[in-house]
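Some notes on the structure that comes next.
The values are calculated or read from the model by the stated rules, or taken from the named source; none is laboratory data. Quantities reported herein were computed from a predicted structural model and do not represent experimental measurements. Glycine gets a Cβ as well: all are built from the backbone with ideal geometry, and neighbour counts include every protein chain shown. Just the protein is used for accessible areas: all its heavy atoms, side chains included, with ligands, DNA and RNA removed. Shrake-Rupley method; radii C 1.70, N 1.55, O 1.52, S 1.80 Å.
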Amino acid sequence: MRMYRAALFLLSLSILGAAVANAAPRAQDPQDPQDQQVPQDQYPQGAPAAYQNFTPDQLDNLLAPIALYPDPLLAQVLLAATFPDQIDEATRFLRAGASPDAIDGQPWDVSVKSVAHYPTVLFMMDNRLDWTTSLGQAYVSQSTDVTASIQRLRAMAHNAGTLVSGPQIQVEQQGPYWAIWPVQPQLLYVPVYDPAFVYIGRPGFYGPFLTFGVGYPIGSWLIYDFRWGGPGIYYFGWGGGLPVWAVRSRPFIRINNVYVNNRYNTVVVNRTVVNRTVNVQNLNSYNAVHRNVVYANAGRTAGAAGVPAGHPVNNQVIQRNINTNDARIQDFRGRDTAGPQMRMDGQGRPATPVTATPNAPPRAEARPQVRPAAPPQAEARPQARPAAPPSSAFDVDRRTFDPGQSSQRGQASRGQMSQPAPAPPQRSSPPPASRPSGGGGRKP
């Protein structure tokens, strides 16, 4: 009996030891497929992805929409693309009706202020914020590759016969490089074109490949230009050694230290833009020059370098529209930003918050007016249609519908229609005709 109990005790100990061993964490084996499958939800929320360079074809597709911009505007766009958050702020600032004169006082980078003077370009960059971010990342990490792609695209357009000088732009060949300058001394025209046509050309297409909208002013904010074959984007500051186009414009430029300042001698970019993730699916629509190009392994994208495909994309336009707790939802909404009375703080917002005045009378709301019931007629007459009851099936705001009240209205209407029409009132007899001789009453 004792031997049986001892054997049972040893068996219990062995079972308990196996359970403890299974519960303890084991060392992971890299060769074990079970250890290679890490659930996506165990990645840290802010896990960074390593930036991957864009290929030449990818850069051509990204730069194709702007490669034919005049050099001074193109330089501002590339630098401003490294500040996508400020592009978003500037767009909402202008869409709220702010005066262009208020741009210079905003706390944005000088390149963003410059682009803000060309609203169509600014709005385009904001509507394509993933593309803008990728463009900024490419310029920060691959500036030489970016300038090479621009020259490659311009050569393609020139060889296709679509890039030529005209009243709006001047196309100049400087050795192996192509320069594009404004022609008018006071106006800059932004070209509009389809990359699928302008760089390749289409047989049978006889329309203009490049079109231009209204001209925008050339101002002191255009302080950067390209030096092809040299350092690329550089600051010239409207001083000596002006580019050809700036020599024509200089007599019309009003200089101010907001833009013409020695602190811009060193071209500054926002290098932290490479830390932003981009939804690569939004880049597939720019494959007009090179087809069948994918971006899964380029830039800083969700799904690259160990970041799961479900990693949230830092797209502020999307976040502002779907995140009801984002304070930026109310920014510049319903504010009168035009006029000299607007005061801004250091963040580009009104210095005094808009608050309700305690003793101010309530503002009248635009609501449907309820017509008073028509006064009763002096004489009762048969009605072709029963009068509607004074109450409505909708409330005063016309937002909700009361089916019970509507049913009561229908029953009352049917009840009135089922009642017999009232008999017409009897008309009194005409008075008797007068007789020539006084006589008695009417004959029976």
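Per-residue accessible area for L73 at 1.4 Å probe radius, Å² rounded to 10?
Estimated to the nearest 10 Å², L73 gives 0 Å².
Where the accessible area of region 100-191 is counted over protein heavy atoms with a 1.4 Å probe, how much of it, in %, is carbon and sulfur?
49
Counting other Cβ atoms within 10 Å, keep those with at most 11, restrict to DSSP loop, and tell me which chymotrypsin sites (Phe, Trp or Tyr not before Pro) in region 185-278 are left.
Here the sparse-neighbourhood loop sites are F205, Y206.
In nm, give the distance between the simple-model label positions of Y234 and N159, each being 7 Å from the Cα along the Cα-to-Cβ direction.
2.9
Percent of accessible area on region 225-264 owned by carbon and sulfur, 1.4 Å probe?
Result for region 225-264: 49 percent of the exposed heavy-atom area is carbon or sulfur.
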